[in-house]
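Trainee: Following this message is one structure expressed as structure tokens.
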Amino acid sequence: MSTVKQDVRARDILGASALRPDGVAKVTGSFSFSSDMWAENMLWGATLRSPHPYARIISIDTTPALLISGVSAVLTAKDVPGKATYGLISADQPVFASEFVRYMGEPVAVVAADHPETCRRALAAIIVNYEVLTPIVDPELAMLATTEQIHPDGNLIRHQHIKHGDPHATGDITVEGNYTIGMQDQAFLGLEAAMAFPDSGGNGVELHIATQWLHEDRGQIAACLALPEDNVRLVLGGVGGAFGAREDISLQVHCCLLALRTGKPIKMQYSREESFFGHVHRHPAKIWMKHHANKDGKIVKIESRMVFDGGAYTSTSPAVLINGITHTQGPYQCDNAVVDGYAVRTNNPPCGAMRGFGVVQACFAHESQMDLLAEACGLSAVDIRLKNAMRTGDKLVTGQIVESVAPVERCIRETDAIPMPDSMANDADVLEFPGGSGRTADRHNIVRGVGWGVSIKNLMYSEGFDDYATARCTLSNGVASLKFATSEVGQGFVTLAPQIARSVLGVDDVVLETSDTQIGSAGSTSASRQTWMSGGAVDGACRLVRERLFEHVGKQHNIDPIRLMVENTDVIDTVGTFRISVADATQGITLSETFEHHHRKTEDLDENGQGNCHVAFAFVAHRAVVDVDIELGLVKVVQIATAQDVGRVLNPLSAIGQLEGGIAQGLGLAVMEEIIMDNGKVKNPSFTDYLLPTALDAPRVVAVMIEEPEPQAPLGAKGIGEPPCISVTPAIVAAIRAATGKALLRVPVRPQDICL
Amino acid sequence: MTVAIPLSIREALDALSNTPDARLIQGGTDMMVEINFNHLKPHNMIALRRVQELRTWTKNADNTLTIGSGVPYQEMETGELKQLVPALAEAARTVGSPQIRAAGTLGGNLGTCSPAGDGLPVLFALDAIVHLQSADASRKLSIHDFMVGVKRNARNANEIITGVTVPLLDGWQGYAKVGVRNAMVISVASACLAIDKPTRSVRIALGAVGPTIIRCRDAEVWLSEQIDISASTAIDAAVAKEFGRRVALESKPIDDHRSTAEYRRHAVGVLAQRLITRASSS
């Protein structure tokens, strides 16, 4: 891990390493996560799930469960009063399976009872008669018109074609490969949990929930409950990580249904095992990619075919697919392209949002290709990337001009300038070897390799979506309070928002009000968007309040408000000597303003995949140094050097946290993290067998923040959450290739892929 | 469910007599997972953690060491136990996290008898003796007779595993374990090699590559015919490699979601080759 130089400043304004307000509570265990909620007279809710990936439900008999003492309710599809289905993009996922179950773990019924153990017995007592069907688990097979369609909406969720420039262009050299990306899980530590309180009279409900987007949840829940949105109030519970897995509905509707049915508070929480069935995963993908280039390494054309396995329901598959195919070229200039992308429905678990959102898959392919191209042209990994590096004003294969700051060349050069780690010391600790505490390797078994990855990632939502954010700022008696519906999932908006208010308003005391649906939407905590979007909303609201403050002070002291500014914690007259502290100036008054931040408009893609579909872009380079035990196929990532295009660093400590965390997650995909499927069945739904990197697996991170403020961004800062996890994966795999000479076309790389 | 918390072996055996169906629990690092997953629903439990007699170890006059079944792995990792049985210290270090090693015990490994139990290959390589005690009798059983299959052992329902005795060998010993991350990982394949110079014996035992821990008797015999294990000369690379190949042949691995049979067989061969090379160059 890298060390962070604490930027000691007097005030926790923008640019300071302000500490998380919830940090101590989280570290000492007193922070209240959603799963810690409790209420008098509450009942527990639990979910009955399908053991089969694909089956017809012949009958469901809930009577034996209802006969168990302590069981208050058993609900199935026929108990859903409103819309029977939900979904982020297409409402094709049933609240409860009724006719068919389409993936292992699909909810069939829920129960409410006085104790979790009673719930377990009730679930065991429900008799579901299934006619087990043969699951369709191969996307290539599923997308054929001749294959059985497993859902009324068909098996092809979306196909998008991209034709850009001259589809017949050719170069001197071609390189191609078939790449496979395994199913990664977000593996957040705070499990799905919620508590629902029914309104007396049963016409409304209040749901405390760990989610990424309160308002989107509310819309989907209200439709299923057949209640007006105003009668469904959501309050953000303590969220222990998200990474995309809390974008979709999981237990929200079930919990509310049980509360409304029983008239009592309902607590639901998933176990770790259930969590693997309760949320979407990263799309497994197969990507064919072919690069045409001139002898000097300049890319002429890229062809690609990408197939994303969407699993049983749509979730965000259409958007993930578009992200994948529109990032085919990576952060490189490319005038000609032909790309086809397919998101396909299968009887595998539904896949949706995860950090990197489709770009992770594309990046593994394009970066692997860049290394093939380098080899074919006799160039180094660095030179091939510099030769093709994208600049501001270049075009994507969608025809969209990259207007964002695009310091790709600088990312590469500054990463390249980071010193390489020392070679392994003679007295190196065996724990640092590949194999770690297993003591499998001796020094002479270990070969070092170096690899590169560079990426481009879109920020915010795309294809015409107006994912605005709302915030209210209230200033009174020297204290600013901020209200927004932004989900704090660990990313640090609760740290940043007060920093913004302190900088703009000259206050030190900032109070954060409850995040709930009693204010307008903040959009989702995803797509690297909250610093830009909710940050923009908080900044906007604070600036409006500051205008009101200047008006007030100007009137009180007979100064033209235009002459006033905030300096530290005072309002000062810029052309005079007048000075008053913000605390004094706001005694006895209350100034409150609400602001909505909208990003620029975007467009849909046309039938050739052309259109300005994205808002903005961020870039990053990664260089991985790995030690590989070639004979056993075990890997230790020694160092990740990275230079990331961040726009502006608003909190150095938070920023390095995002980079290190993302790198660990990308490392996971490179060498260990995979949900293993066997004909539609999940084989490893536990942390015993779904392996996350430990401290002994995490590399030393040496990071450079490239600060070229983004003109479009309200605070000059780009989103930094996703880029760290994207190109680090191909960089690590490239380093393993360099050490082993193996082609390694699949992630995660398994020991047997290296040594057998 | 009842939970008895005896303070002595006698009290524990009394509790076991009173509730013959009781599940014995030491650190609980394995059994509590089973219970939490609802795979196991014991009516009665006997928690042995406060039985101090089980948490001690003794160096015996006959150059052996008896380790109580309640000694946590943490204690084997360092200090005198590490000096006495280095392979056990290395195996102990591979068990879970520091929290797990503070709770987990050899008694648990023996009680569960998973082929992936990290301590078991060491006990097999050292020809450990397992101590079992019931209300009216005690007996000693070779580890080779104790572990009879996947998660099956020869303990009678009225017996408590009180400890193991291992010889203090004169020679190099070591342990190596392959997992898919660098710590806190369940074994994909493991091996323990131990040399006893006075008897010119080399022993190698494999974990997670068969229904029980596997002692590679043929490879051991073959090796002792090739080299004088009591001499401190570096082993010929070709001999070490052939030893690895022979060890791999004696493994009986399966395919599962953690790895493939092919990789496991390959891995134990490599581990055997490396361990004997380490032994001969130490």
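The values are calculated or read from the model by the stated rules, or taken from the named source; none is laboratory data. Keep in mind it's a predicted model, so treat the numbers as computed, not measured. As a convention, Cβ positions derive from the backbone with ideal geometry for all residues, glycine included, and neighbour counts pool all protein chains shown.
Trainee: Just for the range B:250-282: of the residues that are of a type in the set (Val, Ile, Thr) and farther than 17 Å from B:PRO115 by Cα, which one is farthest from the chain's Cα centre (by Cα)? Before you say what the answer is, go through the steps one by one.
Mentor: Looking only at the range B:250-282, we keep the residues that are of a type in the set (Val, Ile, Thr), and these are B:254, B:260, B:268, B:270, B:276-277.
With the extra rule that they be farther than 17 Å from B:PRO115 by Cα, the set shrinks to B:270, B:276-277.
On the way: B:VAL270: 20, B:ILE276: 19, B:THR277: 22 Å.
The residue in question is B:THR277.
Trainee: Go through the range B:257-282 and report how many residues are loosely packed, with under 15 Cβ neighbours inside 10 Å and either among the charged types (D, E, K, R) or touching a Cys at 6+ places or on another chain (Cβ under 7 Å) (or both).
Mentor: Selection size over the range B:257-282: 1.
Trainee: Just to check your reading of the model, which residue among B:GLN52, B:GLN26 is more than 14 Å from every other protein chain (Cβ to nearest Cβ), exposed (fewer than 13 other Cβ atoms within 10 Å of the Cβ) and not small (Gly, Ala, Ser)?
Mentor: Details: B:GLN26 fails: exposed (fewer than 13 other Cβ atoms within 10 Å of the Cβ).
That would be B:GLN52, the only listed residue that is more than 14 Å from every other protein chain (Cβ to nearest Cβ), exposed (fewer than 13 other Cβ atoms within 10 Å of the Cβ) and not small (Gly, Ala, Ser).
Trainee: Please find, within the range B:192-217, the residue that is farthest from the other protein chains (Cβ to nearest Cβ) out of those that are small (Gly, Ala, Ser) and over 15 Å from B:ARG93 (Cβ atoms). I'd like the intermediate steps shown before the answer.
Mentor: Just the residues of the range B:192-217 that are small (Gly, Ala, Ser), to begin with: B:194, B:201, B:205, B:207-208, B:210.
Narrowing further to those that are over 15 Å from B:ARG93 (Cβ atoms): B:194, B:201, B:205, B:208, B:210.
Values: B:ALA194: 15, B:SER201: 22, B:ALA205: 16, B:ALA208: 12, B:GLY210: 19 Å.
Selected residue: B:SER201.
Trainee: With respect to B:ARG215, is the statement that it is more than 22 Å from A:ILE630 (Cβ to Cβ), crowded, with 19+ Cβ neighbours inside 10 Å and of a type in the set (Lys, Arg) true?
Mentor: Values: more than 22 Å from A:ILE630 (Cβ to Cβ): yes; crowded, with 19+ Cβ neighbours inside 10 Å: yes; of a type in the set (Lys, Arg): yes.
Judged against the criteria, B:ARG215 is a match.
Trainee: Output the number of residues of the range B:250-282 satisfying the condition of being of a type in the set (A, V, I, L, M, F, W, C), touching a residue at least 12 places away in the same chain (Cβ under 8 Å) and more than 10 Å from chain A (Cβ to nearest Cβ).
Mentor: Filtering the range B:250-282 down to residues of a type in the set (A, V, I, L, M, F, W, C) leaves B:254, B:261, B:267-268, B:270-272, B:275-276, B:279.
From the residues that got through so far, the ones that are touching a residue at least 12 places away in the same chain (Cβ under 8 Å) too are B:267-268, B:270-272, B:275-276, B:279.
Narrowing the set further to residues that are more than 10 Å from chain A (Cβ to nearest Cβ) leaves B:268, B:272, B:276, B:279.
Of the residues in that region, 4 qualify.
Trainee: For B:VAL221, all conditions in the list (1) over 23 Å from the mean Cα position of the chain (by Cα); (2) of a type outside the set (Lys, Arg); (3) surrounded by fewer than 17 Cβ atoms within 10 Å (Cβ to Cβ); (4) under 22 Å from B:GLY171 (Cβ atoms) hold save one; what is the number of the exception?
Mentor: (1) is the only condition that B:VAL221 fails.
Trainee: Within the range A:284-303, is there a residue that is β-branched (Val, Ile, Thr), outside any strand (DSSP E or B) and more than 14 Å from chain B (Cβ to nearest Cβ)? Quick ask: steps written out before the conclusion?
Mentor: Step one: of the range A:284-303, the residues β-branched (Val, Ile, Thr) are A:287, A:299-300, A:302.
Narrowing further to those that are outside any strand (DSSP E or B): none.
Taking every residue of the range A:284-303 in turn, none turns out to be β-branched (Val, Ile, Thr), outside any strand (DSSP E or B) and more than 14 Å from chain B (Cβ to nearest Cβ).
Trainee: Let me ask something additional. Please work out which residue is nearest to the chain's Cα centre (by Cα), limiting yourself to the range B:119-138 and to residues that are closer than 18 Å to B:ARG152 by Cβ and not aliphatic (A, V, I, L, M). Explain how you work it out, then say what you get.
Mentor: Kept after step one, since they are closer than 18 Å to B:ARG152 by Cβ, are these residues of the range B:119-138: B:119-121, B:123-124, B:128, B:130, B:132.
This time we only want the ones that are not aliphatic (A, V, I, L, M), so: B:119, B:121, B:124.
Details: B:GLY119: 3, B:PRO121: 5, B:PHE124: 7 Å.
Within the range B:119-138, the match that is nearest to the chain's Cα centre (by Cα) is B:GLY119.
Here's the yes/no breakdown for (1) of a type in the set (Val, Ile, Thr); (2) more than 30 Å from A:VAL408 (Cα to Cα); (3) in the same structural domain as A:GLN400 (by TED's automatic domain parsing):
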{"position": "A:VAL545", "(1), (2), (3)": "yes, yes, no"}
{"position": "A:PHE550", "(1), (2), (3)": "no, yes, no"}
{"position": "A:ASP570", "(1), (2), (3)": "no, yes, no"}
{"position": "A:VAL582", "(1), (2), (3)": "yes, yes, no"}
{"position": "A:ALA624", "(1), (2), (3)": "no, no, yes"}
{"position": "A:GLN639", "(1), (2), (3)": "no, no, yes"}
{"position": "A:ARG648", "(1), (2), (3)": "no, no, yes"}
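Trainee: Another one. Given the conditions (1) charged (D, E, K, R); (2) in contact with a Pro (Cβ under 9 Å, 6 or more places away or on another chain); (3) in contact (Cβ under 8 Å) with a residue 40 or more places away in the chain, report the number of the one that B:ASP62 does not fulfil.
Mentor: Going through (1) charged (D, E, K, R); (2) in contact with a Pro (Cβ under 9 Å, 6 or more places away or on another chain); (3) in contact (Cβ under 8 Å) with a residue 40 or more places away in the chain one by one, B:ASP62 breaks only (3).
Trainee: Further, regarding this structure: Is there any pair linking a residue in the range A:441-467 that is more than 14 Å from chain B (Cβ to nearest Cβ) and basic (Lys, Arg) to one that is outside any strand (DSSP E or B) and surrounded by fewer than 21 Cβ atoms within 10 Å (Cβ to Cβ), with Cβ under 7 Å and at least six apart or on different chains, and which?
Mentor: Listed by first residue and then by second, the contacts come to nothing, as the list is empty.
Trainee: Further question on the same structure: So which residues in the range A:109-125 are crowded, with 23+ Cβ neighbours inside 10 Å and more than 15 Å from A:MET42 (Cα to Cα), if there are any at all?
Mentor: Our first condition is that a residue be crowded, with 23+ Cβ neighbours inside 10 Å; within the range A:109-125, this holds for A:109-113, A:119, A:122.
Answer for the range A:109-125, where residues must be crowded, with 23+ Cβ neighbours inside 10 Å and more than 15 Å from A:MET42 (Cα to Cα): A:ALA109, A:VAL110, A:ALA122.
Residue by residue, here is whether (1) within 14 Å of another protein chain (Cβ to nearest Cβ); (2) modelled with pLDDT of 95 or more; (3) touching a His at 6+ places or on another chain (Cβ under 6 Å) holds:
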position: A:ARG648; (1), (2), (3): no, yes, no
position: A:ILE656; (1), (2), (3): no, yes, no
position: A:LEU669; (1), (2), (3): yes, yes, no
position: A:GLU673; (1), (2), (3): yes, yes, no
position: A:VAL682; (1), (2), (3): yes, yes, no
position: A:THR688; (1), (2), (3): yes, no, no
position: A:VAL702; (1), (2), (3): no, yes, no
position: A:MET705; (1), (2), (3): no, yes, no
position: A:GLU710; (1), (2), (3): no, yes, no
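Trainee: In the set A:THR525, A:THR577, which member is within 40 Å of the chain's Cα centre (by Cα) and assigned to a loop (DSSP other than H, G, I, E, B)? So that I can check it myself, show each step before the final result.
Mentor: Working: A:THR577 fails: within 40 Å of the chain's Cα centre (by Cα).
Just a single option satisfies the conditions, and that option is A:THR525.
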